[in-house]
Amino acid sequence: MNSLLKNKVFLIVVGADLLQQMGIWIRNMALLFYIMEQTNNNPTAVSMLTALEYLPIFVFSLIGGTFADRWEPKKTVILGDTLSALSMLLILLLISVGMWQAVFAATVISAIVSQFSQPSSAVLFKKHIPTESVGTAIGINQSLLAIFTIFGPVLGTFVYSQFGVKFSIIMLFIIFMVAALIQLFLPSSSEVKKASKGSAISDIKEGLKYVMGNTNLKLIAAMFLISGLAMGITQPLDVFVTMERLGLPKENVQWFAASEGVGMLVGGTLAAIFTKWIDRHRRIIITSTLISWGIITLVEVLSIWPILTGSARALSGITTAFFQVVFSAMMIKEVQAEYIGRTNGIIMPLMMGGMLLGSASSGFIVNQIDLVGAYLIAAILTISCTILTVRLKLETSLYKVNQ
């Protein structure tokens, strides 16, 4: 722990992440309320805002990961936050002249830029944090970010309700510029990257070959796709569980989301403390997490007591934090540095694709079966992923590609 607190790269990356999370929540809430006001609470406009946030992940995740592997990470993260800040000024100008639809562009630009900067942060961790401290570093980072899961909506709502959309956008500009400035103090890469002999397309092909040539990575990719599908089925139905099973007004759904955020905060803290134990039991943690998610999914839909449902969501947050720490540490420790961006760029869109497919089908499933049936299908899908996890060969490094 003490060594991390003295590690300049860790402190800067975590500081920049916290600033970015603050900006994201101010953006999310300000744009949501602003669009609802401009469209008289049009649900299509609101759903479009969500779609525009996720769509760039499919288009740019692999591209961003590829260039993150090609470019120096310090320059990439600084450029990303600088572009985000400058884009806010453009959005502010367009809003000032009456083009309120420009706020949709703010979500798109932010989502695109994050696909380049996030993999670069992982590369920085890989290069500048000792291997034995990676798990602790990620656990601390997850705990700090979980705070925004709890208080982010409150912060974003306060800024917008008190000061309006223009002030919110100015705040975004300041936040992203400060993040860019503190990252100027990151060390430049100690390795001079060799100029790529091939094109970006050839790099993408190499990344695909790298993932497909590794049994562990293929299993993880399949697991993310299936678990994403399960999460997508239940995600839009949380509000119906709140109303139909618990008999509460729909507004109470926020408190169950906050319960999960508290669980993630606790889980991230525990993961940071017990990082060595977690590292020795990675397969057990991944498998038990999937089983726990399946059971929790059933408890959520069968429960008629708010305290039980809230407790289940908190437990879900704890197990989710453990899973994220295990997976992130595994990728940073064991995937070769030159492939981190592309590996994330291939695997993460599979999960997002599963979530969108599940979300699109959840309404149909409820209409054809019922709410309990939809959650049962999600639970079965989640637990079925354990068939994949028991085949993981975690005693060997992921970068040892099968020939």
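The values are calculated or read from the model by the stated rules, or taken from the named source; none is laboratory data. Predicted model only: the values in this text are computed from it and were never measured. Note: ideal-geometry Cβ built from the backbone for every residue, glycine included; neighbour counts use all protein chains shown. To get the accessible areas, we keep the full protein, side chains included, count just its heavy atoms, and leave off ligands, DNA and RNA. Shrake-Rupley method; radii C 1.70, N 1.55, O 1.52, S 1.80 Å.
May I ask you to give the average projected area over all directions of the convex hull of the Cα atoms of the stretch 328-385, in nm² rounded to one decimal?
Working: hull surface 19.4 nm².
Average of the hull's projected areas for the stretch 328-385 equals 4.9 nm².
Could you tell me the center-to-center distance, by alpha carbons, between the stretch 219-271 and the stretch 160-186 in angstrom?
First find each Cα centre; the distance between them is then 29 Å.
Looking at this model, which pairs from 74/205; 6/127; 127/393; 218/393 are more than 22 angstrom apart at the alpha-carbon?
74/205; 127/393
Give the peptides 367-378, 290-301 in descending order of average Cβ contacts within 10 Å, highest first.
290-301, 367-378
For the stretch 239-325, what is the accessible area per residue in Å² when the probe is 1.4 Å?
Per-residue accessible area for the stretch 239-325 comes out at 49 Å².
May I ask for the distance between the Cα centers of the stretch 90-123 and the stretch 328-393, given as a whole number of Å?
Comparing the Cα centres of the stretch 90-123 and the stretch 328-393, I get a distance of 27 Å.
Going by the alpha-carbon gyration tensor, a ≥ b ≥ c the square roots of its eigenvalues, is the stretch 257-305 rounded (a/c under 1.5) or, if a/c is not under 1.5, prolate (a/b greater than b/c) versus oblate?
oblate
Quantify, in whole percent, the carbon and sulfur part of the accessible surface of the chain (1.4 Å probe; protein heavy atoms only).
68
How much of residue 276 can a 1.4 Å solvent probe reach, expressed as accessible area in Å² and rounded to 10?
Counting only protein heavy atoms, the figure is 150 Å².
How large is log10 I(q)/I(0) at q = 0.09, 0.11 Å⁻¹ when the Debye formula is applied to the Cα atoms of the chain, each weighted equally and without solvent?
Here log10 of I(q) over I(0) equals -0.55, -0.86.
Compute the relative contact order of the stretch 170-327 as a whole-number percentage, counting only Cα pairs closer than 8 Å that sit 6 or more residues apart in sequence.
26 percent.
Accessible area, 1.4 Å probe, largest first: how do 99, 29 sort?
Ranked list, largest accessible area first: 99, 29.
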